[in-house]
1. Kindly indicate whether residue 79 is at pLDDT 85 or above, of a type in the set (A, V, I, L, M) and open to solvent by 90 Å² or more (accessible area, probe 1.4 Å).
2. Please list, ordered by first then second residue, the pairs with beta carbon atoms under 9 Å, 6 or more apart or interchain, first in the stretch 148-177 and assigned to a helix (DSSP H, G or I), second open to solvent by 60 Å² or more (accessible area, probe 1.4 Å) and among the aromatic types (Phe, Trp, Tyr).
3. Tell me which residues, restricted to the stretch 111-132, are open to solvent by 70 Å² or more (accessible area, probe 1.4 Å) and either part of a helix (DSSP H, G or I) or touching a Leu at 6+ places or on another chain (Cβ under 8 Å) (or both).
4. Test residue 103 against the stated conditions and say whether it is among the aliphatic types (A, V, I, L, M) and open to solvent by 60 Å² or more (accessible area, probe 1.4 Å).
Amino acid sequence: CFLINRLFQNRIHDIMTGYRAVGNLFVKSFPVMSQGFEIETEMTVHALDKNFVLEEIPVVYRDRPEGSVSKLDTMKDGMRVLGTIATLFREYRPYYFFSSISLLLWLVATAFFFPILLEFFKTGLVPRFPTLIVVGVVATAGILLWICGVILQVIANKHRQLYEMMLNMMAQMAQKM
């Protein structure tokens with residue numbers, strides 16, 4: 001939950017347990033992409049992104065009855081959920097996703113470029129020319145990823161607007177019936 005809250009700027013306490021009650025608009029407009037345990041994550045992120053009302057009602061949690069067996073595989077299901085979170089972060093928040101990778105590439109490029117620059121100021125020579133070429137390629141990849149993030153964020157924002165318009169049309173049609 002901590003990861004969802006950080007990536008999608010919310011304060012949800014638990015996305016994995018409990019029942020889900022969803023409205024008609026949510027059901028008709030939610031694109032189910034997951035096939036397993038990660039559906040809860042997908043539903044939560046979709047609801048957060050599309051500004052659906054999300055309310056948590058605390059429930060009493062009890063231990064599993066003695067002799068019963070869980071169908072969950074902690075590692076396998078956990079990795080699937082983390083993969084789903086990464087995919088949803090890339091799709092719903094592309095600017096932050098690609099900017100994070102871009103920043104990492106720029107930090108790596110700077111770390112390798114700085115010693116080359118210092119050596120150039122001391123001697124006037126560039127003794128590690130292949131490293132300089134790789135630094136240029138890594139820095140260029142960082143710029144391209146950042147630009148991709150900007151473009152994809154604009155597209156995601158436009159999709160969000162179109163989604164809102166579609167929901168409004170669906171609500172109007174439901175009222176007429």
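1. Values: at pLDDT 85 or above: yes; of a type in the set (A, V, I, L, M): yes; open to solvent by 90 Å² or more (accessible area, probe 1.4 Å): yes.
Criteria met by residue 79.
2. 149/95; 149/96; 150/95; 152/95; 153/95; 153/96; 154/95; 156/95
3. 112, 113, 114, 118, 120, 121, 122, 123, 129, 130 - these are the residues of the stretch 111-132 that are open to solvent by 70 Å² or more (accessible area, probe 1.4 Å) and either part of a helix (DSSP H, G or I) or touching a Leu at 6+ places or on another chain (Cβ under 8 Å) (or both).
4. Working: among the aliphatic types (A, V, I, L, M): yes; open to solvent by 60 Å² or more (accessible area, probe 1.4 Å): yes.
Yes; evaluated as a whole, the condition is true for this residue.
A quick yes/no check of all residues on (1) surrounded by 13 or more Cβ atoms within 10 Å (Cβ to Cβ); (2) more than 27 Å from residue 172 (Cβ to Cβ); (3) in contact (Cβ under 8 Å) with a residue 24 or more places away in the chain:
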| position | (1), (2), (3) |
| --- | --- |
| 8 | yes, yes, yes |
| 11 | no, yes, no |
| 32 | no, no, no |
| 35 | no, yes, no |
| 63 | no, yes, no |
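The values are calculated or read from the model by the stated rules, or taken from the named source; none is laboratory data. This structure is a prediction, so every number in the text was calculated from the model and none was measured. Heads up, the Cβs are rebuilt from the backbone with ideal geometry, glycines too, and the neighbour counts pull from every protein chain shown. We work out accessible area using only protein heavy atoms, side chains counted, and drop any ligands, DNA or RNA first. Shrake-Rupley method; radii C 1.70, N 1.55, O 1.52, S 1.80 Å.
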